[in-house]
1. Which entries of Lys303/Lys512; Lys424/Lys512; Lys424/Lys449 show an alpha-carbon separation above 20 angstrom in the structure shown?
2. In terms of modelled amide H atoms, which long-range or inter-chain residues lie less than 5 Å from the amide H of Lys424?
3. Sequence-distant or interchain residues sharing an amide H contact under 5 Å with Ser81, placed H: which?
4. Using each residue's phi in the range 356-367, evaluate 6.51 cos²θ - 1.76 cosθ + 1.60 at θ = phi - 60° and report the 3J(HN,Hα) Karplus result to the nearest Hz, with x for Gly and Pro.
5. In whole Hz and in residue order, list the ³J(HN,Hα) couplings for the range 322-336 that follow from phi through the Karplus curve 6.51 cos²θ - 1.76 cosθ + 1.60, θ = phi - 60°; x for Gly and Pro.
6. For Val432 and Ala199, compute 0.36 nm times the residue count separating them, minus their Cα-Cα distance, and round to one decimal in nm.
7. Amide H to amide H under 5 Å from Leu261: which residues, 5+ apart in sequence or cross-chain, H placed 1.01 Å off N in plane?
8. Counting pairs of alpha carbon atoms under 8 Å apart in space and at least six apart in sequence, what relative contact order in percent does the range 303-442 give?
Amino acid sequence: MANETTDGPPRSDDRARLVDQAVAALPIAVEIRAADGARLYANPAADAAADPKRRRETVSRGGRAALIETAVFWLGADSYSVSAAVDIDDERRLQDELFQRAYFDPLTKLPSRVFFEEAAARSLGGAPGQARFAVAAIGFDQFDSVNEFYGRSVGDALLAEAARRVGESIGGDDVAARFGGDQFAVLIAEPGEPAAALARIERLLARLRDPCHVAGVEILLSASAGVALSPTHDVAASGLIAKAEAALAQAKRRYRGQGRLYDPAIAQHALEHARIEQSLRLAVRDRRFACALQPKVDFRVGKIAGLEVLMRWRDENGDARSPGDLIAFAVNLGLMNEMTLLLFEETLASLDAIDAAFGPDLRLGFNIAAQQAGDIRFMRAFADRLSASGKAQRFTIELTEEALLRAAQFQLQVSPMLREIGAKISIDDFGVGYSSLSTLAEIDADEIKVDRSFITAIHERPRSQGLLRAIESLGEALGTPVMVEGVETKDELAYLRDHTRIRVAQGYLFSKPVMIGRSDNLGGDPAAAHIVGRAIAPSRVVDRRGR
Ligand code: C2E
Ligand code: CA
Ligand code: CA
């Protein structure tokens, strides 16, 4: 402890007084206790009495950080100062480390996302909407497979090398950061025109494509990038970063290896997808599924020959929705199996209403998506449920050719399983799938349902007519009945009636799908029977001149 203001050494009793006063003034707590714990002495700091005349500084002592507190006190007319030094090297180191960890990525030594966000916010400065800069989000195209194939340590070395290249290719006022994983970001301080900003990012991507030599192997990578500009795309730092990342996601999906400028229309699309996903998940959670039924009509006699169950669900606004192209989407989200089982339960629960509306014991076509048909576990669960319902003999499972041909399992395992419990199998959308007519012979089906595209305007399309004739004779050779779907006009029906031996058809001409079910769910249409009855009245479908 240095004493700054002595005028030569004091005498010994003075010295004792001085030390006494110094300890009292000491800026750190001093307490003396007897062996029994009795407090013999405490300086004011120990009693938390603040001394206003204090100085605090941190210094380096022998390479370690120290905190020095200094207090001034008076003895008679003389002023003295007393200092206490505390070693804070460990705390300092910890603090530094925490700072480093928050602001820098340990692997690449690049600034972190937190640092980058703060830097971007600073660039926007006090004049939001004025600052011109760009944010680029950069991600490698298939980095996971690098880690998988070469191992993590090679992956890490590659990222460190990538960071070096990113760091090298930026300007003095730019900031490069690692956002975690294989994602990097660059803040371009003076981007110039959008095309110029993009060109700079393209050059960086080209640099990232140069071969990397790591652990004795040469590895080629490719990266994509998304770029958002201030103030064009957003005026907030967080918004800009989010938009650059949205553009990156878009690039990764459709423009691998390229840089893309943020495009609001695409973001809208992604938003719409997210909204539909949410809507679907909620519908599954709340079991808001119902069936619509569309008759299969024997138009030679004007009678309903069967029905097809079509999925409908109510969205949050209570509007009934049909699947359209959402089936593949639901399959990808992993929701389709549950949706299918929910629809099946709804069909069973509506069976009495269905019979009342369309007539008793009609066979029900039930759709299973191609991807589901190859999922043996799901198909087994579905067959079990079908069997347990005791109504399996009333169901025909409609599957596309893709399902039947792609999944060899289906022919070997699923098809026999369904047959055993009494269900039938129909090939849906026939003619547009993968099979050539010759492979049809390998498929064991109870019904062939010719795709709508063959039926549209068939009366004036000789090519479709020829194909339909070929499908028909093949069906006859196999002993499998052929039906058609998508009959919309009287001309189409007349062609079928006069130029084919087909008996059964489905389509808007007879009836659109009719919502039906328990009134507590989607509210079945009580007029269904009436509507359908009128639509397929024999006078309308059999009368040759009734076009
Ligand atoms: P799909 O199996 O070919 O079903 C027939 C679709 O064509 C239905 O549309 C139906 O409303 C429509 N349609 C019927 N007649 C006509 C017509 O004359 N003209 C026109 N333009 N269209 C007609 P929906 O209900 O929108 O279903 C579309 C597709 O969604 C279905 O095509 C099917 O592939 C799938 N789908 C529907 N329900 C289910 C289901 O429960 N499970 C599975 N896996 N897929 C389903
Ligand atoms: Ca179908
Ligand atoms: Ca179909």
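Since every read-out is calculated from the coordinates, none of them should be taken as a lab result. These numbers were taken from a predicted model, which means no experiment stands behind them. Note that each Cβ is placed from the backbone with ideal geometry, even for glycine, and that neighbours are counted across all protein chains shown.
1. Check vs 20 Å cut-off fails for Lys424/Lys512.
2. Correct list: Phe395, Thr396, Ile397.
3. Glu4, Thr5, Phe73
4. 5, 7, 10, x, x, 6, 6, 6, 10, x, 10, 7
5. These are the phi-based 3J(HN,Hα) values: 9, x, x, 9, 7, 4, 4, 4, 5, 4, 4, 7, x, 9, 5 Hz.
6. 79.5 nm
7. The answer is Val227.
8. 22
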